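The values are calculated or read from the model by the stated rules, or taken from the named source; none is laboratory data. Since the model is a prediction, treat every value here as computed from it, not as a measurement. Note: ideal-geometry Cβ built from the backbone for every residue, glycine included; neighbour counts use all protein chains shown. These area figures cover heavy atoms from the full protein model, side chains too; ligands, DNA and RNA do not enter into them. Shrake-Rupley method; radii C 1.70, N 1.55, O 1.52, S 1.80 Å.
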Amino acid sequence: MFISVGFNHAINSDQVLMILDYNSQPTRDYVARAREQDKVLKMTKGRRTRSVLILTDGFIAQSSWTVKRLMKGLWASSPSA
């Protein structure tokens, strides 16, 4: 199953370890370190980043959608839903 992260972008929901709010300084620092290693996938189409998805392969996906909205999509795509 896939989770939509906005603007016709989707990520395999099995690859998502966690979804974080981008407004915390530790999250911003984590993204900055990942950017230095070219491990950031920016999926915002120029809009403000509101959430960050940490993936199992070490990549980070930035989304302009809120954590709450992404979680609704993740719960909807889960097999138990």
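I'd like to verify a number: residues in region 1-46 that are without any contact (Cβ under 8 Å) to a residue 40 or more places away in the chain and assigned to a loop (DSSP other than H, G, I, E, B), how many?
Here the count works out to 9.
Yes or no: I19 closer than 16 Å to W65 by Cβ, at pLDDT 95 or above and in contact with a Leu (Cβ under 8 Å, 6 or more places away or on another chain)? Steps first, answer last, please.
Working: closer than 16 Å to W65 by Cβ: yes; at pLDDT 95 or above: yes; in contact with a Leu (Cβ under 8 Å, 6 or more places away or on another chain): yes.
Yes: the conditions hold for I19.
Within region 32-55, which residues are within 20 Å of M1 (Cβ to Cβ) and out of contact with any strand residue (DSSP E or B) (no Cβ under 6 Å at 6 or more places or on another chain)?
L55
Please state which one of G73, G6 is touching a Phe, Trp or Tyr at 6+ places or on another chain (Cβ under 8 Å) and either modelled with pLDDT of 95 or more or open to solvent by less than 90 Å² (accessible area, probe 1.4 Å) (or both). Working first, answer last.
On the way: G73 fails: touching a Phe, Trp or Tyr at 6+ places or on another chain (Cβ under 8 Å).
None of the others qualify; the one that does is G6.
I need a count of the residues in region 47-77 that are assigned to a helix (DSSP H, G or I), in contact (Cβ under 8 Å) with a residue 24 or more places away in the chain and of a type in the set (A, V, I, L, M). Let's see the steps before the verdict.
Our first condition is that a residue be assigned to a helix (DSSP H, G or I); within region 47-77, this holds for 67-77.
Retained after the next criterion (residues that are in contact (Cβ under 8 Å) with a residue 24 or more places away in the chain): 67, 70-71, 73-74, 77.
Okay, now just the ones that are also of a type in the set (A, V, I, L, M), so 67, 70-71, 74.
Total satisfying the criteria: 4.
Do you know which residues across region 22-60 are open to solvent by 40 Å² or more (accessible area, probe 1.4 Å) and within 13 Å of L70 (Cα to Cα)?
Passing the criteria: only R50.
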